[in-house]
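Visitor: Next up is a structure, given as C-alpha coordinates.
The values are calculated or read from the model by the stated rules, or taken from the named source; none is laboratory data. Here the structure is a predicted model, which means the values were calculated and not measured. Every residue, glycine as well, gets a Cβ built from its backbone with ideal geometry; the counts of neighbours run over all protein chains shown. Note: accessible area is taken over every heavy atom of the protein model, side chains too, but ligands, DNA and RNA are not part of it. Shrake-Rupley method; radii C 1.70, N 1.55, O 1.52, S 1.80 Å.
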Amino acid sequence: MAFDETKDTGGKTKIFKGTFRPGEAGDRPNAGPHRRSFLVQAGMAGFGALAGAAFPFHRNVPTGFVSPASASENRLVGKNGLTLLNDRPLNAETPPELLDDTITPIERHFIRNNGLPPDNPDPHTWTLTIDGLVEQTLSLRIEDLRDQFEVVTRALVIECAGNGRRFFNPPTRGNQWSYGAVGCSLWTGVRLKDVLDKAGVHRDAVYTAHYGADGHLSGDPSRSPISRGLPVWKAITETVLLAFQMNGIPLHPMNGAPLRLVVPGWPASTSHKWLTRIELRDQVHDGTKMTGKSYRVPSYPVAPGEKVADEEMVIIERMPVKSLITFPADNGEVELSSEVRGHAWSGDRDVAKVEISTDYGASWIAASLEPPINPGAWQNWRAQLELAQAGYYEIWARATDSAGDIQPFDIGWNPKGYLNNSVHRVNVHAK
Ligand SMILES: Nc1nc2c(c(=O)[nH]1)N[C@H]1C(S)=C(S)[C@@H](COP(=O)(O)O)O[C@H]1N2
Ligand SMILES: [Mo]
(Lines give C-alpha, C1' and ligand atoms only; values in the text may rest on other atoms or scores of the structure.)
(Ligands and ions follow the chains in the order given, each with its own letter.)
Protein backbone atom coordinates (compact mmCIF):
# COMPACT_ATOMS: atom_id res chain seq x y z
CA MET A 1 0.00 0.00 0.00
CA ALA A 2 1.38 3.37 -0.98
CA PHE A 3 0.41 6.65 0.62
CA ASP A 4 0.60 10.18 -0.66
CA GLU A 5 0.85 12.28 2.40
CA THR A 6 -0.86 15.60 2.11
CA LYS A 7 -1.94 18.19 4.61
CA ASP A 8 -5.49 18.45 5.75
CA THR A 9 -6.94 21.77 4.67
CA GLY A 10 -7.54 22.70 8.28
CA GLY A 11 -3.82 22.34 8.90
CA LYS A 12 -4.46 20.23 11.98
CA THR A 13 -4.58 16.56 11.14
CA LYS A 14 -2.62 14.85 8.46
CA ILE A 15 -4.59 13.14 5.75
CA PHE A 16 -3.21 10.04 4.19
CA LYS A 17 -4.48 9.28 0.76
CA GLY A 18 -3.93 5.88 -0.69
CA THR A 19 -5.69 2.99 -2.25
CA PHE A 20 -5.94 -0.32 -0.52
CA ARG A 21 -6.00 -3.17 -3.00
CA PRO A 22 -5.23 -6.52 -1.46
CA GLY A 23 -5.86 -8.11 -4.84
CA GLU A 24 -7.87 -10.97 -3.41
CA ALA A 25 -10.06 -13.25 -5.47
CA GLY A 26 -13.18 -11.17 -4.88
CA ASP A 27 -11.60 -8.22 -6.64
CA ARG A 28 -13.41 -8.35 -9.93
CA PRO A 29 -15.05 -5.58 -11.87
CA ASN A 30 -18.74 -5.25 -11.14
CA ALA A 31 -19.80 -4.20 -14.61
CA GLY A 32 -21.79 -6.47 -16.87
CA PRO A 33 -24.50 -9.00 -16.27
CA HIS A 34 -23.62 -9.59 -12.61
CA ARG A 35 -24.18 -6.08 -11.43
CA ARG A 36 -27.79 -6.63 -10.49
CA SER A 37 -27.16 -9.76 -8.51
CA PHE A 38 -27.46 -9.63 -4.74
CA LEU A 39 -23.98 -10.44 -3.63
CA VAL A 40 -23.79 -12.51 -0.52
CA GLN A 41 -20.20 -12.66 0.50
CA ALA A 42 -20.13 -15.94 2.31
CA GLY A 43 -16.38 -16.28 2.07
CA MET A 44 -15.84 -13.37 4.40
CA ALA A 45 -17.58 -14.77 7.46
CA GLY A 46 -14.35 -15.17 9.36
CA PHE A 47 -12.94 -11.70 9.06
CA GLY A 48 -14.66 -10.27 12.13
CA ALA A 49 -12.42 -11.93 14.64
CA LEU A 50 -9.35 -11.20 12.59
CA ALA A 51 -10.04 -7.51 12.20
CA GLY A 52 -10.69 -7.02 15.89
CA ALA A 53 -7.72 -8.98 17.08
CA ALA A 54 -5.18 -7.79 14.59
CA PHE A 55 -4.29 -4.53 16.27
CA PRO A 56 -5.41 -4.78 19.88
CA PHE A 57 -3.46 -1.75 21.10
CA HIS A 58 -4.88 0.81 18.71
CA ARG A 59 -6.64 2.61 21.55
CA ASN A 60 -3.25 3.63 22.93
CA VAL A 61 -1.82 5.01 19.73
CA PRO A 62 -1.71 8.81 19.47
CA THR A 63 -3.92 10.62 16.95
CA GLY A 64 -2.30 10.93 13.56
CA PHE A 65 0.00 7.97 14.05
CA VAL A 66 -0.02 5.65 11.09
CA SER A 67 1.52 2.27 11.00
CA PRO A 68 0.79 1.13 7.45
CA ALA A 69 1.79 -2.40 8.31
CA SER A 70 -0.70 -2.75 11.12
CA ALA A 71 -3.59 -0.46 11.83
CA SER A 72 -5.09 0.50 8.52
CA GLU A 73 -4.58 -2.71 6.62
CA ASN A 74 -5.92 -4.90 9.37
CA ARG A 75 -8.96 -2.79 10.00
CA LEU A 76 -9.58 -2.81 6.25
CA VAL A 77 -9.72 -6.60 6.15
CA GLY A 78 -12.85 -7.45 4.21
CA LYS A 79 -12.72 -4.12 2.37
CA ASN A 80 -11.40 -3.81 -1.14
CA GLY A 81 -10.50 -0.85 -3.35
CA LEU A 82 -11.42 1.84 -0.81
CA THR A 83 -9.46 5.08 -0.69
CA LEU A 84 -8.14 5.76 2.79
CA LEU A 85 -8.71 9.38 3.88
CA ASN A 86 -7.63 9.13 7.49
CA ASP A 87 -6.21 6.40 9.64
CA ARG A 88 -7.18 7.53 13.12
CA PRO A 89 -10.07 7.65 13.17
CA LEU A 90 -10.40 5.32 10.20
CA ASN A 91 -12.16 6.91 7.23
CA ALA A 92 -12.26 5.41 3.75
CA GLU A 93 -14.41 6.09 0.69
CA THR A 94 -15.29 4.15 -2.44
CA PRO A 95 -14.30 5.29 -5.94
CA PRO A 96 -17.56 5.83 -7.91
CA GLU A 97 -16.75 3.13 -10.47
CA LEU A 98 -16.69 0.58 -7.63
CA LEU A 99 -20.23 1.56 -6.63
CA ASP A 100 -21.72 0.15 -9.85
CA ASP A 101 -23.71 -2.64 -8.18
CA THR A 102 -27.35 -2.19 -7.28
CA ILE A 103 -26.46 -3.60 -3.87
CA THR A 104 -23.15 -2.29 -2.59
CA PRO A 105 -20.90 -5.23 -1.66
CA ILE A 106 -19.67 -5.15 1.94
CA GLU A 107 -16.11 -4.81 0.74
CA ARG A 108 -17.08 -1.60 -1.10
CA HIS A 109 -19.14 0.06 1.63
CA PHE A 110 -17.40 3.20 2.91
CA ILE A 111 -16.21 3.63 6.50
CA ARG A 112 -16.69 6.77 8.53
CA ASN A 113 -15.51 6.53 12.12
CA ASN A 114 -15.45 9.42 14.59
CA GLY A 115 -13.68 7.48 17.31
CA LEU A 116 -12.22 4.08 18.10
CA PRO A 117 -14.40 1.05 17.37
CA PRO A 118 -14.86 -1.56 20.09
CA ASP A 119 -12.45 -4.49 19.95
CA ASN A 120 -14.11 -7.76 19.07
CA PRO A 121 -17.57 -7.16 20.53
CA ASP A 122 -19.46 -10.34 21.44
CA PRO A 123 -22.73 -10.52 19.46
CA HIS A 124 -24.20 -13.04 21.93
CA THR A 125 -24.01 -10.81 24.97
CA TRP A 126 -24.49 -7.49 23.17
CA THR A 127 -27.41 -5.61 24.72
CA LEU A 128 -29.46 -2.70 23.46
CA THR A 129 -31.21 -0.57 26.06
CA ILE A 130 -34.26 1.54 25.22
CA ASP A 131 -34.90 4.05 27.99
CA GLY A 132 -35.78 7.63 28.84
CA LEU A 133 -39.36 8.68 28.13
CA VAL A 134 -40.80 5.20 27.62
CA GLU A 135 -43.41 3.24 29.55
CA GLN A 136 -41.02 0.34 30.09
CA THR A 137 -37.26 0.28 29.74
CA LEU A 138 -36.21 -2.53 27.43
CA SER A 139 -33.00 -4.48 27.50
CA LEU A 140 -32.67 -6.61 24.39
CA ARG A 141 -30.01 -8.95 23.10
CA ILE A 142 -29.74 -9.43 19.34
CA GLU A 143 -31.38 -12.82 19.82
CA ASP A 144 -34.33 -11.08 21.55
CA LEU A 145 -34.67 -8.65 18.65
CA ARG A 146 -34.86 -11.61 16.26
CA ASP A 147 -37.33 -13.52 18.43
CA GLN A 148 -39.68 -10.73 19.44
CA PHE A 149 -39.93 -8.62 16.28
CA GLU A 150 -40.43 -9.14 12.58
CA VAL A 151 -37.08 -9.46 10.82
CA VAL A 152 -36.92 -7.54 7.55
CA THR A 153 -34.31 -7.07 4.82
CA ARG A 154 -34.11 -3.85 2.85
CA ALA A 155 -31.71 -2.14 0.45
CA LEU A 156 -31.09 1.27 2.07
CA VAL A 157 -28.88 4.19 1.06
CA ILE A 158 -26.76 5.86 3.67
CA GLU A 159 -24.65 8.86 2.74
CA CYS A 160 -22.33 10.88 4.93
CA ALA A 161 -23.47 14.51 5.14
CA GLY A 162 -19.88 15.51 4.32
CA ASN A 163 -19.78 13.57 1.03
CA GLY A 164 -18.47 16.03 -1.60
CA ARG A 165 -16.71 18.22 0.98
CA ARG A 166 -13.53 18.07 -1.12
CA PHE A 167 -15.04 20.42 -3.70
CA PHE A 168 -15.89 23.35 -1.43
CA ASN A 169 -13.93 26.54 -1.82
CA PRO A 170 -12.64 27.84 0.51
CA PRO A 171 -11.97 24.36 1.87
CA THR A 172 -13.75 23.25 5.02
CA ARG A 173 -12.33 21.08 7.76
CA GLY A 174 -12.95 17.39 8.07
CA ASN A 175 -12.46 14.34 5.91
CA GLN A 176 -12.08 15.42 2.32
CA TRP A 177 -14.69 13.08 0.85
CA SER A 178 -15.12 13.24 -2.89
CA TYR A 179 -18.04 11.12 -4.14
CA GLY A 180 -17.78 7.81 -2.36
CA ALA A 181 -19.11 8.29 1.19
CA VAL A 182 -22.33 6.60 0.12
CA GLY A 183 -23.55 3.05 -0.23
CA CYS A 184 -26.70 1.02 -0.65
CA SER A 185 -26.25 -2.33 1.05
CA LEU A 186 -28.89 -4.85 1.96
CA TRP A 187 -29.58 -4.47 5.67
CA THR A 188 -31.33 -7.09 7.79
CA GLY A 189 -32.78 -6.31 11.19
CA VAL A 190 -35.95 -5.19 12.89
CA ARG A 191 -37.88 -1.95 12.56
CA LEU A 192 -36.98 0.61 15.21
CA LYS A 193 -40.68 1.51 15.19
CA ASP A 194 -41.68 -1.97 16.40
CA VAL A 195 -39.18 -1.84 19.25
CA LEU A 196 -40.29 1.66 20.25
CA ASP A 197 -43.92 0.52 20.14
CA LYS A 198 -43.09 -2.25 22.59
CA ALA A 199 -41.28 0.18 24.90
CA GLY A 200 -44.23 2.60 24.65
CA VAL A 201 -43.00 6.07 23.70
CA HIS A 202 -44.22 8.70 26.15
CA ARG A 203 -46.26 11.50 24.58
CA ASP A 204 -43.72 14.11 25.72
CA ALA A 205 -40.88 12.44 23.83
CA VAL A 206 -39.77 14.45 20.79
CA TYR A 207 -36.28 13.15 20.00
CA THR A 208 -34.11 10.03 20.21
CA ALA A 209 -30.53 10.00 21.51
CA HIS A 210 -28.16 7.31 20.21
CA TYR A 211 -25.22 5.86 22.12
CA GLY A 212 -22.61 3.34 20.98
CA ALA A 213 -19.63 1.39 22.21
CA ASP A 214 -16.87 3.21 20.34
CA GLY A 215 -14.38 5.23 22.34
CA HIS A 216 -13.28 8.84 22.10
CA LEU A 217 -9.98 9.42 20.27
CA SER A 218 -8.47 10.89 23.43
CA GLY A 219 -8.97 7.58 25.21
CA ASP A 220 -11.00 9.42 27.88
CA PRO A 221 -13.89 7.08 28.72
CA SER A 222 -16.06 9.96 29.93
CA ARG A 223 -16.06 11.50 26.45
CA SER A 224 -18.24 10.34 23.57
CA PRO A 225 -17.05 10.35 19.94
CA ILE A 226 -20.58 10.94 18.65
CA SER A 227 -24.14 10.81 19.96
CA ARG A 228 -26.79 11.96 17.53
CA GLY A 229 -30.54 11.49 17.36
CA LEU A 230 -33.73 11.75 15.33
CA PRO A 231 -37.07 13.48 15.73
CA VAL A 232 -39.49 10.83 16.98
CA TRP A 233 -41.64 11.21 13.83
CA LYS A 234 -38.67 10.07 11.74
CA ALA A 235 -37.56 7.34 14.13
CA ILE A 236 -40.94 5.63 13.78
CA THR A 237 -40.99 5.54 9.99
CA GLU A 238 -41.10 2.09 8.36
CA THR A 239 -37.62 2.13 6.83
CA VAL A 240 -35.56 2.88 9.94
CA LEU A 241 -33.91 -0.38 10.99
CA LEU A 242 -31.94 -1.82 13.87
CA ALA A 243 -29.66 -3.91 11.66
CA PHE A 244 -27.48 -6.87 12.56
CA GLN A 245 -26.70 -8.08 9.05
CA MET A 246 -25.35 -6.56 5.88
CA ASN A 247 -25.76 -8.41 2.58
CA GLY A 248 -26.78 -11.59 4.39
CA ILE A 249 -23.94 -11.92 6.89
CA PRO A 250 -23.12 -10.22 10.21
CA LEU A 251 -22.15 -6.55 9.93
CA HIS A 252 -18.56 -5.74 9.05
CA PRO A 253 -16.66 -4.68 12.22
CA MET A 254 -16.08 -1.19 10.79
CA ASN A 255 -19.71 -0.81 9.72
CA GLY A 256 -21.01 -1.21 13.26
CA ALA A 257 -20.99 -4.91 14.23
CA PRO A 258 -22.86 -6.39 15.90
CA LEU A 259 -25.75 -3.86 15.86
CA ARG A 260 -26.42 -0.50 14.26
CA LEU A 261 -29.16 1.87 13.22
CA VAL A 262 -29.81 2.39 9.52
CA VAL A 263 -31.69 5.59 8.71
CA PRO A 264 -31.99 5.84 4.93
CA GLY A 265 -31.95 9.26 3.30
CA TRP A 266 -30.80 11.16 6.37
CA PRO A 267 -27.19 12.07 7.21
CA ALA A 268 -25.52 8.73 7.88
CA SER A 269 -24.31 10.14 11.20
CA THR A 270 -27.82 9.31 12.49
CA SER A 271 -27.19 5.63 11.58
CA HIS A 272 -25.46 4.88 14.84
CA LYS A 273 -22.94 2.01 14.78
CA TRP A 274 -22.04 -0.33 17.66
CA LEU A 275 -25.38 0.73 19.10
CA THR A 276 -25.93 0.09 22.81
CA ARG A 277 -28.67 2.51 23.86
CA ILE A 278 -31.48 4.67 22.55
CA GLU A 279 -32.88 7.21 24.94
CA LEU A 280 -36.17 9.02 24.34
CA ARG A 281 -35.98 12.70 25.23
CA ASP A 282 -38.38 15.61 25.65
CA GLN A 283 -36.00 17.99 23.87
CA VAL A 284 -33.87 17.99 20.74
CA HIS A 285 -30.86 15.83 21.62
CA ASP A 286 -27.78 17.83 22.54
CA GLY A 287 -25.18 15.04 22.46
CA THR A 288 -21.75 15.12 20.82
CA LYS A 289 -22.00 16.43 17.23
CA MET A 290 -25.60 17.60 17.60
CA THR A 291 -24.65 21.21 18.36
CA GLY A 292 -22.44 24.03 17.05
CA LYS A 293 -21.37 23.49 13.45
CA SER A 294 -21.63 19.68 13.49
CA TYR A 295 -24.12 18.25 11.00
CA ARG A 296 -25.75 21.66 10.87
CA VAL A 297 -25.96 24.24 8.08
CA PRO A 298 -26.72 27.98 8.07
CA SER A 299 -30.41 28.86 8.06
CA TYR A 300 -29.76 31.47 5.34
CA PRO A 301 -27.38 31.60 2.33
CA VAL A 302 -23.86 32.65 3.33
CA ALA A 303 -20.84 33.91 1.40
CA PRO A 304 -17.97 31.46 0.89
CA GLY A 305 -15.82 31.53 4.01
CA GLU A 306 -18.28 33.65 6.00
CA LYS A 307 -18.40 33.17 9.77
CA VAL A 308 -21.79 31.99 10.98
CA ALA A 309 -23.00 32.12 14.57
CA ASP A 310 -23.97 28.77 16.09
CA GLU A 311 -27.49 30.10 16.78
CA GLU A 312 -27.95 30.53 13.02
CA MET A 313 -27.23 26.87 12.29
CA VAL A 314 -29.97 24.27 11.77
CA ILE A 315 -29.79 20.48 12.00
CA ILE A 316 -29.57 18.69 8.66
CA GLU A 317 -32.52 16.36 8.09
CA ARG A 318 -33.11 14.60 4.76
CA MET A 319 -30.24 14.50 2.26
CA PRO A 320 -30.68 16.31 -1.08
CA VAL A 321 -31.26 14.84 -4.55
CA LYS A 322 -28.08 13.39 -6.06
CA SER A 323 -26.77 11.12 -8.80
CA LEU A 324 -23.57 9.22 -9.31
CA ILE A 325 -22.00 8.03 -12.57
CA THR A 326 -20.59 4.57 -11.89
CA PHE A 327 -19.71 3.77 -15.51
CA PRO A 328 -17.57 4.89 -17.23
CA ALA A 329 -14.89 5.66 -14.66
CA ASP A 330 -13.36 9.11 -14.52
CA ASN A 331 -10.44 9.31 -16.97
CA GLY A 332 -11.76 6.23 -18.72
CA GLU A 333 -11.94 5.39 -22.40
CA VAL A 334 -15.25 4.84 -24.16
CA GLU A 335 -16.49 3.81 -27.60
CA LEU A 336 -18.38 6.43 -29.61
CA SER A 337 -21.49 4.45 -28.83
CA SER A 338 -21.34 3.65 -25.15
CA GLU A 339 -23.53 3.10 -22.14
CA VAL A 340 -23.44 5.50 -19.21
CA ARG A 341 -25.00 4.35 -15.97
CA GLY A 342 -25.22 4.95 -12.26
CA HIS A 343 -27.59 5.53 -9.37
CA ALA A 344 -29.69 8.41 -8.09
CA TRP A 345 -31.38 9.04 -4.73
CA SER A 346 -33.06 11.83 -2.77
CA GLY A 347 -33.52 11.82 0.99
CA ASP A 348 -37.07 10.74 1.80
CA ARG A 349 -38.23 11.11 -1.82
CA ASP A 350 -38.09 9.25 -5.10
CA VAL A 351 -36.05 10.43 -8.05
CA ALA A 352 -38.27 11.40 -11.00
CA LYS A 353 -35.71 12.00 -13.74
CA VAL A 354 -32.01 11.67 -14.57
CA GLU A 355 -30.45 13.53 -17.50
CA ILE A 356 -27.04 13.30 -19.14
CA SER A 357 -25.04 15.97 -20.96
CA THR A 358 -21.86 15.61 -22.99
CA ASP A 359 -21.76 19.24 -24.13
CA TYR A 360 -21.24 21.03 -20.82
CA GLY A 361 -24.93 21.35 -20.11
CA ALA A 362 -26.02 22.88 -23.44
CA SER A 363 -28.25 19.88 -24.12
CA TRP A 364 -29.48 16.96 -22.07
CA ILE A 365 -30.74 13.49 -22.86
CA ALA A 366 -33.08 11.59 -20.55
CA ALA A 367 -31.68 8.43 -19.00
CA SER A 368 -33.94 5.45 -18.39
CA LEU A 369 -34.62 5.26 -14.67
CA GLU A 370 -35.66 2.24 -12.61
CA PRO A 371 -37.82 2.46 -9.51
CA PRO A 372 -36.05 1.73 -6.21
CA ILE A 373 -36.15 -1.99 -5.35
CA ASN A 374 -37.77 -0.88 -2.09
CA PRO A 375 -38.38 2.46 -0.37
CA GLY A 376 -35.04 3.86 0.83
CA ALA A 377 -32.94 2.25 -1.93
CA TRP A 378 -31.20 4.19 -4.67
CA GLN A 379 -32.46 4.00 -8.25
CA ASN A 380 -30.45 2.68 -11.21
CA TRP A 381 -30.34 4.72 -14.39
CA ARG A 382 -28.70 4.22 -17.74
CA ALA A 383 -28.35 6.07 -21.05
CA GLN A 384 -26.82 5.27 -24.41
CA LEU A 385 -24.27 7.82 -25.60
CA GLU A 386 -23.78 8.44 -29.32
CA LEU A 387 -20.75 10.69 -29.65
CA ALA A 388 -20.12 12.38 -33.00
CA GLN A 389 -16.34 12.06 -33.08
CA ALA A 390 -13.37 10.78 -31.13
CA GLY A 391 -11.88 13.05 -28.49
CA TYR A 392 -12.27 14.36 -24.97
CA TYR A 393 -15.65 14.68 -23.31
CA GLU A 394 -17.11 15.42 -19.94
CA ILE A 395 -20.15 13.39 -19.03
CA TRP A 396 -22.49 15.12 -16.62
CA ALA A 397 -25.42 13.58 -14.79
CA ARG A 398 -28.16 15.43 -12.94
CA ALA A 399 -31.20 14.10 -11.14
CA THR A 400 -34.55 15.71 -10.37
CA ASP A 401 -36.66 14.36 -7.52
CA SER A 402 -40.40 13.88 -7.08
CA ALA A 403 -40.77 17.34 -5.55
CA GLY A 404 -38.95 18.98 -8.49
CA ASP A 405 -35.65 19.59 -6.67
CA ILE A 406 -32.82 19.38 -9.17
CA GLN A 407 -29.07 18.99 -8.71
CA PRO A 408 -27.24 22.31 -9.10
CA PHE A 409 -23.98 22.88 -10.98
CA ASP A 410 -22.46 24.46 -7.92
CA ILE A 411 -23.56 24.57 -4.35
CA GLY A 412 -23.74 27.30 -1.74
CA TRP A 413 -20.88 27.17 0.73
CA ASN A 414 -21.41 26.21 4.39
CA PRO A 415 -18.91 26.16 7.26
CA LYS A 416 -18.45 22.38 7.48
CA GLY A 417 -18.83 21.51 3.82
CA TYR A 418 -22.04 19.49 4.01
CA LEU A 419 -24.67 18.51 1.45
CA ASN A 420 -22.68 18.89 -1.76
CA ASN A 421 -25.08 17.52 -4.36
CA SER A 422 -23.70 19.32 -7.42
CA VAL A 423 -23.83 17.40 -10.71
CA HIS A 424 -21.34 14.55 -11.03
CA ARG A 425 -18.91 14.99 -13.92
CA VAL A 426 -16.54 12.40 -15.28
CA ASN A 427 -14.13 12.98 -18.14
CA VAL A 428 -13.56 10.36 -20.80
CA HIS A 429 -11.67 9.86 -24.04
CA ALA A 430 -13.82 8.54 -26.87
CA LYS A 431 -12.00 6.45 -29.43
N1 LIG B 1 -21.04 4.77 16.99
C2 LIG B 1 -20.80 5.46 15.86
N3 LIG B 1 -21.75 5.49 14.90
C4 LIG B 1 -21.53 6.15 13.75
C5 LIG B 1 -20.32 6.86 13.55
C6 LIG B 1 -19.33 6.80 14.57
O7 LIG B 1 -18.25 7.36 14.46
N8 LIG B 1 -19.62 6.08 15.70
N9 LIG B 1 -20.15 7.59 12.39
C10 LIG B 1 -21.39 8.03 11.74
C11 LIG B 1 -21.18 8.68 10.46
S12 LIG B 1 -20.68 10.29 10.52
C13 LIG B 1 -21.43 8.03 9.28
S14 LIG B 1 -21.29 8.84 7.80
C15 LIG B 1 -21.86 6.62 9.26
C16 LIG B 1 -20.97 5.81 8.36
O17 LIG B 1 -21.37 4.48 8.32
P18 LIG B 1 -20.39 3.37 7.75
O19 LIG B 1 -19.04 3.57 8.38
O20 LIG B 1 -20.98 2.07 8.03
O21 LIG B 1 -20.30 3.63 6.25
O22 LIG B 1 -21.84 6.03 10.55
C23 LIG B 1 -22.35 6.87 11.58
N24 LIG B 1 -22.47 6.12 12.80
MO1 LIG C 1 -20.88 11.14 8.35
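Visitor: Output the residue which, of all residues in the range 226-250 that are closer than 20 Å to Ala92 by Cα and either out of contact with any Gly (no Cβ under 9 Å at 6 or more places or on another chain) or open to solvent by less than 10 Å² (accessible area, probe 1.4 Å) (or both), is nearest to ligand 1 (Cβ to nearest atom).
Guide: Looking at residues that are closer than 20 Å to Ala92 by Cα and either out of contact with any Gly (no Cβ under 9 Å at 6 or more places or on another chain) or open to solvent by less than 10 Å² (accessible area, probe 1.4 Å) (or both), I get Met246.
Visitor: Looking only at strands (runs of 3 or more DSSP E) that fall completely inside the range 121-197, which ones have 3 or more residues that are touching a residue at least 24 places away in the same chain (Cβ under 8 Å) and within 16 Å of ligand 1 (Cβ to nearest atom)?
Guide: The qualifying strands (runs of 3 or more DSSP E) are 127-132, 151-159, 182-191.
Visitor: Related question: Return yes or no: is Asn420 in a strand (DSSP E or B) and open to solvent by less than 30 Å² (accessible area, probe 1.4 Å)?
Guide: no
Visitor: If you don't mind, another one. Would you mind finding the one in Asn120, Asn91, Asn86, Asn113 that is within 16 Å of ligand 2 (Cβ to nearest atom) and under 27 Å from Arg141 (Cα atoms)?
Guide: When all the criteria are applied, what remains is Asn113.
Visitor: Within the range 229-279, how many residues are over 15 Å from Phe110 (Cα atoms), within 16 Å of ligand 2 (Cβ to nearest atom) and assigned to a helix (DSSP H, G or I)?
Guide: Summing the residues that are over 15 Å from Phe110 (Cα atoms), within 16 Å of ligand 2 (Cβ to nearest atom) and assigned to a helix (DSSP H, G or I) in the range 229-279 gives 1.
Visitor: Still on this structure: State all residues of the range 360-381 that are buried (at least 16 other Cβ atoms within 10 Å of the Cβ) and either assigned to a strand (DSSP E or B) or of a type in the set (Ser, Thr, Tyr) (or both); if no residue qualifies, say none.
Guide: Leu369, Gln379, Asn380, Trp381
Visitor: With the condition kept exactly as written, say whether any residue in the range 153-168 is more than 16 Å from ligand 2 (Cβ to nearest atom) and touching a helix residue (DSSP H, G or I) at 6+ places or on another chain (Cβ under 9 Å).
Guide: Within the range 153-168, the subset more than 16 Å from ligand 2 (Cβ to nearest atom) is 153-155, 167.
Among the residues that remain, those that are also touching a helix residue (DSSP H, G or I) at 6+ places or on another chain (Cβ under 9 Å) are: none.
No, because not a single residue in the range 153-168 is more than 16 Å from ligand 2 (Cβ to nearest atom) and touching a helix residue (DSSP H, G or I) at 6+ places or on another chain (Cβ under 9 Å).
Visitor: Separate question: Residues that are among the aliphatic types (A, V, I, L, M) and touching a residue at least 60 places away in the same chain (Cβ under 8 Å): does the range 374-396 have at least one?
Guide: Looking for residues that are among the aliphatic types (A, V, I, L, M) and touching a residue at least 60 places away in the same chain (Cβ under 8 Å), one finds at least one in the range 374-396, hence yes.
Visitor: Looking at the range 86-120 only, could you name the residues that are within 14 Å of the chain's Cα centre (by Cα), within 27 Å of Ser323 (Cβ to Cβ) and part of a strand (DSSP E or B)?
Guide: Residues satisfying the conditions are Asn91, Ala92, Glu93, Ile111, Arg112.
Visitor: From (1) open to solvent by 10 Å² or more (accessible area, probe 1.4 Å); (2) within 18 Å of Thr127 (Cα to Cα); (3) assigned to a loop (DSSP other than H, G, I, E, B), pick out the condition that doesn't hold for Tyr211.
Guide: Of everything listed in (1) open to solvent by 10 Å² or more (accessible area, probe 1.4 Å); (2) within 18 Å of Thr127 (Cα to Cα); (3) assigned to a loop (DSSP other than H, G, I, E, B), Tyr211 misses just condition (3).
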